[in-house]
1. What's the number of the condition residue 35 fails, among (1) of a type outside the set (S, T, N, Q); (2) open to solvent by 70 Å² or more (accessible area, probe 1.4 Å); (3) modelled with pLDDT of 60 or more?
2. Name the single residue, out of those in the stretch 1-17 being of a type outside the set (Gly, Ala, Ser) and at pLDDT 85 or above, that is farthest from the chain's Cα centre (by Cα).
3. Note down all Cβ pairs under 8 Å where the first residue falls in the stretch 30-49 and is closer than 19 Å to residue 18 by Cα, the second is assigned to a helix (DSSP H, G or I) and at pLDDT below 90, and they're at least six residues apart or on different chains.
4. Collect the residues in the stretch 1-40 that are assigned to a helix (DSSP H, G or I) and charged (D, E, K, R), keeping them in residue-number order.
Amino acid sequence: MLRNGLEPWHLLIVAIVVIVLFGSKKLPDTARSLGRSMRILKSEAKALKEEGGSGAAPGERTRPSAPADAG
């Protein structure tokens, strides 16, 4: 279907649509908040990677043992 992936003119069309939708006044704020979010995501991924090396794998939780029968 998409053998060549994104062509430069595809990116140009996407940029024009974004500018029309959001306007040129909101774009710097949007870019700033996107950059901030990417930094947070990167730092959290790094922390997860470091934490994963020194214990259980991320997302892997131990199940609590079933309570003993009282009867």
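1. (2)
2. Initially, the stretch 1-17 is screened for residues of a type outside the set (Gly, Ala, Ser), giving 1-4, 6-14, 16-17.
Okay, now just the ones that are also at pLDDT 85 or above, so 9-14, 16-17.
Numbers: 9: 26, 10: 23, 11: 21, 12: 24, 13: 24, 14: 20, 16: 24, 17: 23 Å.
Only one residue fits best here, namely 9.
3. Listed by first residue and then by second, the contacts come to 30/22.
4. Filtering the stretch 1-40 down to residues assigned to a helix (DSSP H, G or I) leaves 8-40.
Answer for the stretch 1-40, where residues must be assigned to a helix (DSSP H, G or I) and charged (D, E, K, R): 25, 26, 29, 32, 36, 39.
The values are calculated or read from the model by the stated rules, or taken from the named source; none is laboratory data. The structure presented is a predicted model; accordingly, all values stated were derived computationally and were not measured. When we count neighbours, we look across all protein chains shown, and the Cβ atoms used for this are built from the backbone with ideal geometry, even at glycine. These area figures cover heavy atoms from the full protein model, side chains too; ligands, DNA and RNA do not enter into them. Shrake-Rupley method; radii C 1.70, N 1.55, O 1.52, S 1.80 Å.
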